[in-house]
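Structure first, commentary second.
Bear in mind these aren't lab numbers, they're just calculated from the coordinates by the rules spelled out. Keep in mind the model is a prediction, meaning the values are calculated, not measured. Counting neighbours? That spans all protein chains shown, and the Cβs are built from the backbone with ideal geometry, glycine included.
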Amino acid sequence: MGLVINLEIEDGCKIGLWEITEDFETLFGMTCLNDEDIRRLNSFKSLNRKIESLSVRALLQQMSHPGARIVYHKNTNKPFLDDGSYNISISHSHKYTSIILGKNKLVGVDLELMSHKIELVAHKFINELDVITLNPQTRRAHLYIHWCAKEALYKICDKIDLNFQDDITIKPFEVDTEGYITGIVHNNFRHEEYRMHYQLENNYAWVYCTK
């Protein structure tokens with residue numbers, strides 16, 4: 001399938017989605033890798049992890065240009081483009097990979113297959129200000145949207161001086177197949193609100209934001 005979405009969501013910001021249906025050899029042939037890229041690729045022991053990595057490179061080339069390269073901060077492992085043309089955030093889950101690019105804005109994205117009993121771990125990321133529906137038909141999706149939203153905000157804030165559970169709150173909202181929510185990052189170092197887009201499709205939850 002390859003490229004599913006390559007969309008400009010606002011001035012200077014793009015969101016992309018790639019469905020991984022290709023094998024390793026096909027994806028490898030679609031990407032332009034230098035020696036350092038290949039060294040990093042070979043460091044992954046799992047074939048699935050290698051395919052995920054190649055899907056990221058293939059998607060980035062579609063969203064930017066064939067020579068676009070991702071490098072990683074040696075301490076935080078945060079991805080960035082070597083030419084500084086965009087801020088970037090990356091997420092992948094099972095058969096999908098997503099990238100968001102921001103030319104003059106910070107960006108964050110998270111994508112999750114809704115395959116686990118997330119209720120069992122909700123106490124690890126939901127705080128007393130998060131309002132979770134009691135409706136059993138939508139509760140699971142509600143929790144996954146909260147999880148993805150907090151992950152996207154955690155990334156956009158560079159994970160620095162931030163408690164994933166206590167410092168990030170999602171304002172109350174009703175679950176739909178797609179919509180906007182508000183995320184709040186609050187601690188001793190910052191108080192910021194973010195407008196976030198979410199989408200539920202094919203048993204995946206997908207949330208992204210810009211700042």
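Working only with C-alpha atoms, what are the Rg and Dmax values of the range 47-100, expressed in angstrom?
Values for the range 47-100 (Cα only, Rg and Dmax): 11.0, 30 Å.
When ranked by the protection proxy of mean other Cβ atoms within 10 Å per residue, highest first, what sequence do the peptides 71-84, 156-169 form?
Ranking, from highest mean packing down: 156-169, 71-84.
Find the Cα radius of gyration of the range 2-104, compare it with 2.2 N^0.38 Å by division, and give the number to two decimals.
Taking the Cα Rg and dividing by 2.2 N^0.38 Å, one obtains 1.01.
Taking 20 Å as the cut-off for C-alpha to C-alpha distance, list the pairs among LYS14/LYS155; LYS78/LYS211; LYS14/LYS117 that go past it.
LYS14/LYS117
When the Kirkwood radius is taken over all Cα pairs of the range 80-211, what Stokes-Einstein diffusion coefficient follows at 4 °C and 1.567 mPa s, in µm²/s?
86
Angle, helix 139-156 long axis vs. longest principal axis of the chain, Cα atoms, 0 to 90°, nearest 10?
Around 60 degrees separate the two axes.
Take the cross-link list LYS45/LYS159; LYS74/LYS105; LYS105/LYS159; LYS105/LYS171 and give me the ones stretching past 19 Å between alpha-carbons.
As for pairs spanning more than 19 Å Cα to Cα, those are LYS45/LYS159; LYS74/LYS105; LYS105/LYS171.
Got the relative contact order for the range 14-67 handy, in percent, Cα pairs under 8 Å and 6 or more residues apart?
Details: 31 pairs, mean separation 28.2, N = 54.
Dividing the mean separation by the residue count of the range 14-67 yields 52 percent.
Can you work out D for the range 5-48 in µm² s⁻¹ from Stokes-Einstein, where Rh is the Kirkwood radius over C-alpha pairs, the temperature is 4 °C and the viscosity is 1.567 mPa s?
Answer, rounded: 100 µm²/s.
Would you tally the net charge around SER64, using a Cβ to Cβ cut-off of less than 11 Å, leaving SER64 out, and scoring K and R as +1, D and E as -1?
Result for the local shell: +3.
Which residue, ASN187, ASN34, ASN87, tops the fluctuation ranking in a GNM of the chain built on C-alpha contacts under 10 Å?
Taking springs between Cα atoms under 10 Å, the residue moving most is ASN34.
Counting other C-beta atoms within 10 Å, which of MET30, MET63, MET196 has the fewest, and how do the rest follow? Could the numbers behind the result be given before it?
Working: MET30 16, MET63 22, MET196 25.
Result, fewest neighbours first: MET30, MET63, MET196.
Report the residue, chosen from TYR96, TYR154, TYR194, that carries the largest GNM mean-square fluctuation when the chain is represented by alpha-carbon nodes joined by springs under 10 Å.
The residue with the greatest mean-square fluctuation here is TYR194.
Using only alpha carbon pairs under 8 Å that are at least six residues apart, calculate the relative contact order of the range 2-104 and give it in whole percent.
Details: 159 pairs, mean separation 32.0, N = 103.
Relative contact order of the range 2-104: 31 percent.
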